[in-house]
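Everything below concerns the one structure shown next.
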Amino acid sequence: MLDCPVLSISPTYRSSFMSRQPAKVLEPDDVRLALVHVGIQRHPARNRAMILLSFKAGLRACEIAGLTWPMILATDGSIAVHISVAGSIAKYGSGRQIPINRTLRTALLALHKSEGYPDRGPVIRSERSTAMQPGAVVNWFSATYRALGMVGCSSHSGRRTFITRAARLLPKTGGSLRDVQEPAGHRSIGTTERYIQGDRDAQHKLIRLI
């Protein structure tokens, strides 16, 4: 199933997306390695923001591509406490608010400063200073993971990692799976459940207790 608005994606991109295996869930050390890697490339502020929008907000490639500064900024021009994902850039029009993680906030502050504190326009810009296309975001993540030797990873790895980690942390927050479903922008909890990767250590502990 596609995870971006159908009309914004070419048939070739759509076909390749649908044929992929579930994206690999990454460990925190892997994410840190990716952040170090992209930090020494061109456009480090943009690159770090892309990684963290994926892993700390669970945004789809099309949402990263379509994100604009008004969706991130408060009325006074500062970084808001939530990302307001507009329905126009989300699958099935699943507009929603996602609380901004502290690490992501730091990255967005740095990017906002490096861009001259804009109040409109795309958050993630291409080499031509225009909004990146969804396919370009997918390719950027693929090239990054390939350079790091991370097999089985794609632009969806951050989203799947975000959902999996959020689900595992629920017991510490007193929340429910609904509190993962809503930031993920899923229509049903069943879809959210399919994103969650099982924890092998937890499974072994569970079986020992049976």
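Annotations for the structure displayed:
- Criterion applied to ALA65, ALA74 was being crowded, with 23+ Cβ neighbours inside 10 Å and at pLDDT 95 or above, and the one residue passing it is ALA65.
- Hits in the range 137-165 - residues which are assigned to a helix (DSSP H, G or I), crowded, with 16+ Cβ neighbours inside 10 Å and not hydroxyl-bearing (Ser, Thr, Tyr): VAL137, VAL138, TRP140, PHE141, GLY158, ARG159, ARG160, PHE162, ILE163, ARG165
- Restricting attention to the range 171-192, the residues that are touching a strand residue (DSSP E or B) at 6+ places or on another chain (Cβ under 8 Å) and not in a helix (DSSP H, G or I) total 1.
The values are calculated or read from the model by the stated rules, or taken from the named source; none is laboratory data. All values reported here derive from a predicted model rather than from experimental measurement. Quick reminder, even Gly has a Cβ in these numbers, built from the backbone with ideal geometry, and neighbours come from all protein chains shown.
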